[in-house]
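Everything below concerns the one structure shown next.
The values are calculated or read from the model by the stated rules, or taken from the named source; none is laboratory data. Computed from a predicted model, the values in this text were never measured in an experiment. Virtual Cβ from ideal backbone geometry, glycine too; neighbours counted across all protein chains shown.
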Amino acid sequence: MDPMSSFWVLFFVIILIFWILFGAKNRKKRGNRKVRRRNAFFRSAPSPSSLSDERYREITELKQLLERSIPVSYAHSVRRRMMEAHPELTEQEYDWRWNELQRYFMLCAIMNRVPMFSHDVDELWHEMLMFTREYQQFSEAFFGRMLHHAPHSGGSQPMPEERAWFDWLYVECFGWNRYSASLWGTFFNHPLPSDELSHYYKMTASAQPAGDRWNTQSNTSISQQAQHAVHQIVEQLRERVNTAVDDPEGKQLPRVNYLQIDTLLLAAIWYSWYQPEQFALHMHPDATGSAALASSSGCSSASGCSNWDTNLSHHHSSHESSHDGGSSPHHSGDSGSHSSCSSGSSCGSSCGGD
């Protein structure tokens, strides 16, 4: 090789090395900024218990069963393992992740299929699973059977209908706040399927809902608390569907307000039934709601699930996520998220911006 060729080879090697080192440094800076923003967001958050809002007595009783099913020593061991594995995680954010994981388990006790739509919450679930004996004992005490976590290897299809049901059930049970939304992603991006909603129109209070959406009394392993919660949720759904369908002109339909949960849920049913194509547009907060929710965060991750050891299946995959505070929960921007998938597909949730 002549001296000139050797010079150019060496020159390009040096440029490549600098490019790799500089790129790695910038990636680390971007990652650190995201961590700092996330820590600042949760550091200013109140404790989950201060915002806890189980909206019905039946949900509160189900939560009490859940708390009795998780021994204090088990919860402490999971916390210690999680904090050691993630030194950047603050105590406040851990508390919120733990709160949301418990809520997820409660949703699984009520509804048959519940995808996991948060990478951050899913990380904590993974740590629970590391204690195999304790997790099995908890699962059997609370669910009456083993709730498996089955990771997905990729290639999952979008799940807008499942995300729609998750949003509706979560808000019906617990209400909405920006700290929970920062972990789950934007709520109410997808309409509830009208073919399923039609089952509840004119349905009598004593009738069993069609399909296998809910865990019902026919499942002998379901706890009494879960049975009561299912009954309450289905009754609320039946009433909201009848109110919405009997009002085709929307005369009883108020503007969407995330601070008024009952009207928010009625709007979700009405727009799902009459204007599903414009559902996400209408379900954004109105001007008043947006002002009240200023600095809310809707950023989160994509999804994952579990499956029972019976024919009741939950699906799982993971997707890289980040979250930070600072914007309305329904505007993508730096912290917006549109989570509707069970994998890292184009419709999965993510947070842009640094």
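Quick notes on this one:
- Out of MET146, MET106, MET83, sole residue that is buried (at least 22 other Cβ atoms within 10 Å of the Cβ) and more than 18 Å from TYR179 (Cα to Cα): MET106
- If the condition is being under 30 Å from ASN39 (Cα atoms) and either modelled with pLDDT under 90 or assigned to a helix (DSSP H, G or I) (or both), then segment 97-114 contributes ARG97, TRP98, ASN99, GLU100, LEU101, GLN102, ARG103, TYR104, PHE105, MET106, LEU107, CYS108.
- Test: residue in segment 107-118 that is touching a Ser or Thr at 6+ places or on another chain (Cβ under 8 Å), under 19 Å from PRO71 (Cβ atoms) and charged (D, E, K, R): no
- Scan of segment 84-96 for residues that are free of Cβ contacts under 8 Å to residues at least 12 places away in the same chain and either among the aromatic types (Phe, Trp, Tyr) or in a helix (DSSP H, G or I) (or both), ordered by number: GLU84, GLU91
- Test: residue in segment 251-261 that is under 30 Å from PHE142 (Cα atoms) and surrounded by 14 or more Cβ atoms within 10 Å (Cβ to Cβ): yes
Listed here are the residues, each with its yes/no results for (1) under 20 Å from THR60 (Cβ atoms); (2) in a loop (DSSP other than H, G, I, E, B); (3) more than 21 Å from the chain's Cα centre (by Cα); (4) not hydrophobic (A, V, I, L, M, F, W, C).
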| residue | (1), (2), (3), (4) |
| --- | --- |
| PRO191 | no, yes, no, yes |
| SER198 | no, no, yes, yes |
| ILE222 | yes, yes, yes, no |
| VAL230 | yes, no, no, no |
| VAL241 | no, no, yes, no |
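- Condition check for GLU127: part of a helix (DSSP H, G or I), in contact with a His (Cβ under 7 Å, 6 or more places away or on another chain) and not basic (Lys, Arg): no
- Hits in segment 119-172 (condition: small (Gly, Ala, Ser), farther than 27 Å from PRO71 by Cβ and modelled with pLDDT of 90 or more): ALA164
- The test for being under 30 Å from ALA40 (Cα atoms), touching a helix residue (DSSP H, G or I) at 6+ places or on another chain (Cβ under 8 Å) and either modelled with pLDDT under 95 or in a helix (DSSP H, G or I) (or both) does not hold for LEU65.
- Looking across segment 216-243, the residues that are surrounded by 12 or more Cβ atoms within 10 Å (Cβ to Cβ) and at pLDDT below 90 come down to THR216, GLN217, ASN219, SER221, ILE222.
- Residue match in segment 41-60 (condition: among the aliphatic types (A, V, I, L, M), within 18 Å of PHE138 (Cα to Cα) and modelled with pLDDT of 95 or more): no
- Look at segment 157-179: where a residue is farther than 21 Å from ASN257 by Cβ and among the charged types (D, E, K, R) and a partner is surrounded by 22 or more Cβ atoms within 10 Å (Cβ to Cβ) and at pLDDT 95 or above, sitting 6+ places away or on another chain with Cβ atoms under 6 Å, you get ARG163/HIS190.
- Looking only at segment 195-214, and only at residues there that are touching a helix residue (DSSP H, G or I) at 6+ places or on another chain (Cβ under 6 Å) and at pLDDT 80 or above, the one that is surrounded by the fewest Cβ atoms within 10 Å (Cβ to Cβ): TYR201
- Pairs, first in contact (Cβ under 8 Å) with a residue 12 or more places away in the chain in segment 222-238, second among the hydroxyl-bearing types (Ser, Thr, Tyr) and in a helix (DSSP H, G or I), C-beta under 8 Å, six or more apart: VAL234/TYR200; LEU237/TYR200; ARG238/TYR200
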